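Down below is the structure, laid out as structure tokens.
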Amino acid sequence: MTKNQESRDPSGTRPRKAASGKPSLHHAAPPTGPGGPAAAADSQITLRSPAELADALPYMLGFHPTDSLVMVALHGEGGRFGGRLRVGIPTDRGEWEDTARQVADCLVHGSERRGGKPDGIVVFLCQDPRSGESGQRVMTRLRPLAQRIRLACGALDVPVLEALCLSGGRYWSYCCPDARCCPAEGTALTVPGTSVMAAAATYAGLRVRGSLQEIEGRLTPLRGPLAYEQERALDLAATALVPKILDGATREEVGADTLELARTLMRRLTLAPPADGGPCAEDWDDALLGHDEAASLILGLQDREIRDIAAEWMEDEEAAPALRLWRALARRCVGAYGEHAAAPLTLAGWVYWSIGDEPTARIALGLALRADADYRFAQLLHHACNEGIDPEGLRECLRAERGRREPRRERAAAVTRPPGRRPRTTRPTPPARRRTAGSEQ
């Protein structure tokens with residue numbers, strides 16, 4: 001498979017514009033297509049109905065989209081899936097016209113740049129009902145947006161072959177007028193994991209990582225008393241650290257302390273894995289980090305050189321604890337320190353991409369750009385991931401830089417270390433016994 005892409009406002013309310021002023025294109029060969037080849041085993045699956053199209057959507061994206069507009073390009077007589085695009089559905093109806101033009105232009109012209117103009121497009125509008133609202137009401141409310149998208153695509157001489165609304169466990173077609181196959185009350189979606197598509201995806205090694213909302217929840221700031229305590233710790237750390245970072249004489253010292261603290265916390269996380277990968281895993285990791293530790297590390301990572309060194313922990317045994325640490329730090333960027341989340345979110349996105357989890361990488365990098373739209377490292381990684389560039393080139397650069405720097409570090413340590421003494425290794429304190437000031441037990 002080639003690479004997926006995504007650009008959206010992680011809040012799910014409106015499209016995020018790329019540097020060109022347009023949403024970015026998902027460009028990928030999908031797991032299946034209407035009459036198109038499957039991604040593995042030289043098999044072929046034909047999707048013949050709206051129900052099968054709706055069932056295939058999470059496997060095309062790698063997660064269940066929520067509050068999302070998704071468009072998929074089709075090519076050839078068999079309707080092979082091509083590029084795809086996802087943006088958040090704008091809450092302001094006044095933005096729907098502009099959104100429709102942007103997404104149609106992005107998908108059609110992006111596909112042309114990558115090999116050919118689409119022969120058709122499939123549109124999905126995915127939104128859960130609001131309080132007191134039915135799925136049918138959601139379908140009716142979003143109908144004008146679907147119509148605007150159809151007109152925008154038609155203006156580019158590409159027809160929308162199907163437009164579906166997915167809401168409340170049911171789907172509706174905006175293109176089919178036949179109540180016998182598309183009743184007004186909608187049609188129930190296939191039970192997850194029970195379809196031919198699900199079986200083929202499992203065989204091909206494709207995985208749905210949960211819903212977009214669940215993935216974002218692992219990366220968004222804490223709330224409640226924990227957030228208050230963390231913001232207070234960040235205020236105190238900023239008072240102490242920022243002057244040192246700005247002072248060239250002490251900046252290197254702050255950098256060394258930041259990296260050593262990060263390594264210490266990674267060792268602590270390694271020695272205390274969560275019982276499972278469920279929702280409690282984030283709570284477990286949050287309990288392992290004191291507020292003061294998180295604050296010092298968040299502020300230290302605002303230094304570009306320190307962040308670039310931390311980006312080297314993207315593979316082998318370092319990847320898993322680094323990813324847990326970056327996610328935990330992103331959740332600690334609360335209150336007035338929301339923009340500081342760009343650094344740990346970008347590092348998390350980089351590790352996800354490096355280990356092959358591109359859908360989650362795009363979500364993390366999109367959140368980083370939401371925190372700071374001008375964060376250059378996130379912009380570059382997001383663009384590279386969107387363009388299907390192999391991350392191995394960047395990994396090689398980081399390995400080479402690490403190889404050049406670490407011998408210098410060892411020589412410096414040998415000069416400052418007393419003769420005959422070996423460097424001491426700090427043993428992480430077991431989580432149950434640790435009592436860091438400001439930490440929650």
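Details
- Stretch gain in nm, segment T250-S131, where the contour uses 0.36 nm per residue and the Cα spacing is subtracted: 37.5 nm
- For the stretch 43-111, the set of trypsin sites (Lys or Arg not before Pro) satisfying both a DSSP loop assignment and a count of at most 16 other C-beta atoms within 10 Å is given as R48.
- Here the Karplus relation 6.51 cos²θ - 1.76 cosθ + 1.60, evaluated at θ = phi - 60°, turns the backbone of the stretch 389-403 into coupling constants of 6, 5, x, 4, x, 5, 4, 5, 4, 5, 5, 5, 5, 5, x Hz, with x for every Gly and Pro.
- For the stretch 303-373 versus the stretch 113-183, the gap between their alpha-carbon centres in whole angstrom: 34
- Take every Cα pair under 8 Å whose residues are at least 6 apart in sequence, average their separation, divide by the length of the stretch 289-359, and the relative contact order is 38 percent.
- In this structure, T239 and R267 have a Cβ-Cβ separation that, at R0 = 30 Å, corresponds to a calculated FRET efficiency of about 0.60.
- D98 paired with L380, simple spin-label distance in nm, labels 7 Å along Cα-to-beta-carbon: 3.0
- Under 5 Å from the amide H of R80 lie the amide H atoms of H75, each residue being 5 or more positions distant or on a separate chain, with H modelled from the backbone and absent for Pro and chain starts.
A short reminder: the numbers here are calculations on the coordinates, not readings from a lab. These numbers were taken from a predicted model, which means no experiment stands behind them. Don't worry about glycine lacking a Cβ; one is built from the backbone with ideal geometry, like all the others, and counts go over all protein chains shown.
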